[in-house]
Amino acid sequence: MLLLLAAGMLFSSLLTLILRRNRESLLLAALCLSLTIYLVGIMLLISKQGGISGDVENFLFFSRSVRRWFQYRVVTFNQLGLIINVGRHLFPMFLLLMTERYTMIPFIRKRPALAARLTAALPVLTMALYVPQVYSPLVDLIPGWRAVLFYLSYGWIIVYLLISLFLLVYELFSITMPFFRRQFLMLVICLASLSVLYFVYCGQDPGQVYSFYSYDYLGVRGTGYMLLMPGLGGYIVLVVINVLGGLLGIGMLLRYTEDTISSNEDDPGLERKFDVARTGASVFVHGIKNQLLANRVLYKRIRAELDKPEPDMEKLRESTERLNEINDTLIARSEELYRTVKSKSVMLVPVLLADVCETAADRFRKKYPDAPLEVSLPEGVQVLADENYLAEALYNLMTNGWESNLAAGHEKSPVSLIVYTVRLYTVIEVRDNGVGINESERKQIFEPFYSSKNTNFNWGMGLYHVRTIVRSHLGTLRVENRREGGAAFFILLPRYDGRTRREGKLIK
């Protein structure tokens with residue numbers, strides 16, 4: 001059971017590494033590999049020690065024949081101790097290195113190389129001291145070093161575990177965006193579960209394996225996990241800790257990986273759909289057909305009125321104005337479609353977000369002069385962006401938000417544009433008070449030519465266009481339903497190294 005749990009965690013971490021291909025997933029794979037190495041060494045040691053109950057034997061090895069297979073492997077005590085030495089001291093090092101990658105504490109973020117070197121110093125030194133060729137002469141010269149090395153190594157291991165868990169929990173409660181917190185919570189549960197599983201066995205000292213037949217360790221805790229073995233109660237505790245720790249670790253790793261798979265699969269799917277739509281004219285023809293039919297009806301009315309001896313000028317004026325409105329709508333929609341499908345190059349330069357928001361707000365107020373709009377942003381926030389394109393994306397989101405308010409009958413509720421920073425991102429949030437977005441439409445709304453509105457007036461290219469602009473800015477577009485009602489769209493842009501202040505200024 002124990003080896004199956006370790007193998008499952010190692011497989012999940014390798015899958016995450018293949019899909020994410022970043023330094024964090026590499027550290028996660030190294031973490032699981034070190035735990036697997038350590039547990040293999042523990043299993044070999046337990047099989048050779050013997051003296052365990054039948055229940056514990058079945059839990060660890062499934063059967064006596066499997067335990068005997070481990071027991072009769074040709075492994076020297078020096079080799080076995082070296083395996084335990086590597087796994088035992090690498091796990092807390094990789095755990096702390098990984099938490100340092102995720103923490104936003106300024107001292108660590110500004111000095112990553114220094115933090116990594118300090119983190120690796122104790123584990124590397126301890127592993128070097130526990131190498132058989134170094135350890136044996138040292139304890140022969142100074143026998144008291146056996147207990148000193150054990151308690152020193154065990155002490156810093158516990159400290160590393162506590163610091164890592166503190167940093168993870170601190171970072172979790174520092175995250176304010178819901179979907180960031182959900183994703184990070186999966187990672188916290190995974191790492192905490194692996195740490196609990198490791199903690200059960202981390203008392204096994206490699207020196208105790210080298211001196212297997214020595215009496216010097218009789219007063220040292222050493223094999224702390226063996227203290228749980230006798231009795232039914234200890235066995236139940238062991239099973240619960242191992243199974244819960246292992247399964248939670250595997251489950252959260254798979255959830256973490258599944259989130260990566262789904263996000264990676266979205267982009268090619270949308271691109272393929274858009275390529276198909278762009279190569280054919282069927283959607284375009286279907287979109288304008290009703291408008292052209294309406295034009296023909298208006299033309300017939302105008303012609304019939306002109307054929308009368310005394311035409312009704314008021315009716316003619318109404319028909320021509322309606323015809324002009326339809327033509328303006330067709331031109332606007334055609335221009336929108338052209339802007340979306342044409343290849344565009346963006347120039348990313350440092351710009352003030354206040355200028356971008358002001359440009360977008362001006363365009364929004366020209367279209368909806370009576371719509372309430374609230375803008376809140378810190379002073380002096382800069383991002384790398386193409387001001388015109390980014391303003392166009394914000395304008396589209398604000399327009400969608402106001403139309404959602406109207407559809408829900410909330411004409412007095414404002415559309416909110418809010419800017420703030422979270423971790424490594426500058427976040428631009430657009431909130432509305434509409435009906436929200438159905439779960440079934442979450443992915444569809446970003447597809448080209450998808451719209452839940454009247455297709456006579458909307459071709460469904462707005463959100464795809466926004467998403468294309470955001471991606472060209474190396475950003476991400478997310479959407480969440482709000483508890484208070486309505487939806488919130490988040491544009492996550494890489495945080496530019498400009499100083500910001502958290503206090504917001506309300507602009508009406």
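Every number in this text was worked out from the coordinates using simple rules, so none of it is lab data. Predicted model, so just to flag it, every value in this text is computed and none were measured. Using ideal geometry, Cβ is built from the backbone for each residue, glycine included, and neighbour counts are taken over all protein chains shown.
DSSP loop (so not H, G, I, E, B), at most 16 other Cβ within 10 Å: list which chymotrypsin sites (Phe, Trp or Tyr not before Pro) in the stretch 69-147 pass both filters. Walk me through the numbers before you get to the answer.
Numbers: sites: Trp69, Phe70, Tyr72, Phe77, Phe94, Tyr102, Phe107, Tyr130, Tyr135, Trp145; in loops: Tyr72, Tyr130.
Sites meeting the loop and neighbour criteria: Tyr72.
Cβ-to-Cβ counts within 10 Å put Val86, Val430 in ascending order as Val86, Val430, the fewest first.
Taking every Cα-Cα distance in the stretch 66-221 and sorting them into 5 Å bins starting at zero, the pair-distance distribution P(r) comes out as 1, 8, 16, 17, 16, 13, 10, 8, 5, 3, 1, 0 percent.
Contour minus end-to-end for Arg365 and Ala407, with contour as 0.36 nm per residue of separation and end-to-end as the Cα-Cα distance?
Details: separation 42, 0.36 × 42 = 15.12 nm, distance 1.86 nm.
Here the segment from Arg365 to Ala407 would lengthen by 13.3 nm.
For the pair the stretch 413-446 / the stretch 87-153, the C-alpha centres are spaced 45 Å from each other.
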